[in-house]
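Notes for the one structure printed next.
The values are calculated or read from the model by the stated rules, or taken from the named source; none is laboratory data. Bear in mind that the values here come from a model prediction, so they are computed numbers and not experimental data. Quick reminder, even Gly has a Cβ in these numbers, built from the backbone with ideal geometry, and neighbours come from all protein chains shown.
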Amino acid sequence: MQINVPLNLLIPNMLSASVETLKIFFYTLFLSIPLGFIVALLRGSKYKIISIPIQIYQLIFRGTPLMLQLFFFMYGPYYIFGFSFDRFTACIAAFAINYAAYFGEIFRGGIGAIPRGQYEAAKVLGYTRSQTFMRIILPQVVKHVIPATGNELMTLVKDTSLAQVIAVNELFDVATSAGSKYFSTVPIVVAAVFYLVMNTIVELSFKLIEKKLEYYKN
């Protein structure tokens, strides 16, 4: 038999837990996107001593579950190096390195989609390599990768729920604990609404960004 869930207590607790969820999201966002850009550049290196280790890194972190990576960053450093991260730091490290592997592939595809003729034309016009990349290539790359990046960030919102496996007190952890306490599925449904609202904001934000970049025509 289900026990009535006191929503006046549940909602504030879930709002508080949502702050932790948003912290995981934004820390991952601000760390993994620059790292992913570096990964994309290194993956495209003509030197195999650079590109092959990056390919192996991407294979490992894209080819194994994020849940296992969370466990590794939580407990692995102690057994390998003799020290431990706190739970939140281990969580952010796992998320950032995991998502950098995905963003690296997205950005690599975006860079590769730019015709080589644009590099050659810029060289003829006297642009340096850095000027060519920053003024001509990068704005077009951003436009190309916006849809895939938005999709990845919506996945990130949902993946934050995995942080509960190393006891980070985020939204889904609070929901499942409340569900067990009150023998009810109501907290899970409320959590689903919270995730849906956050992902709606992400989707609308990226639609706005796409609209702002419409002047970059292919």
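Specify the residue that is nearest to the chain's Cα centre (by Cα); the eligible residues are those in the stretch 39-83 that are touching a residue at least 60 places away in the same chain (Cβ under 8 Å) and over 16 Å from Ala100 (Cβ atoms).
Looking at residues that are touching a residue at least 60 places away in the same chain (Cβ under 8 Å) and over 16 Å from Ala100 (Cβ atoms), I get Met67.
Being in contact with a Pro (Cβ under 9 Å, 6 or more places away or on another chain) and either among the β-branched types (Val, Ile, Thr) or at pLDDT below 90 (or both) narrows it down to one of Glu210, Glu214, Glu170, so name that one.
Glu210
From Thr155, Thr200, Thr128, Thr132, which residue is crowded, with 18+ Cβ neighbours inside 10 Å, within 26 Å of Leu35 (Cα to Cα), of a type in the set (S, T, N, Q) and at pLDDT 80 or above? Even if it seems obvious, please write down each step before you answer.
Working: Thr155 fails: crowded, with 18+ Cβ neighbours inside 10 Å; Thr200 fails: crowded, with 18+ Cβ neighbours inside 10 Å; Thr128 fails: crowded, with 18+ Cβ neighbours inside 10 Å.
One residue alone meets the criteria, Thr132.
Restricting to the stretch 173-184, name every residue that is free of Cβ contacts under 8 Å to residues at least 40 places away in the same chain and either surrounded by 18 or more Cβ atoms within 10 Å (Cβ to Cβ) or of a type in the set (S, T, N, Q) (or both).
Thr176, Ser177, Gly179, Ser180
Take the residues of the stretch 136-152 that are in contact (Cβ under 8 Å) with a residue 24 or more places away in the chain and over 17 Å from Leu29 (Cβ atoms): which is surrounded by the most Cβ atoms within 10 Å (Cβ to Cβ)?
Val141
Can you list the helices (runs of 4 or more DSSP H) lying wholly within the stretch 100-202 that have 1 or more residues being closer than 15 Å to Thr21 by Cα and within 15 Å of the chain's Cα centre (by Cα)?
Fully inside the stretch 100-202 and qualifying: 138-159.
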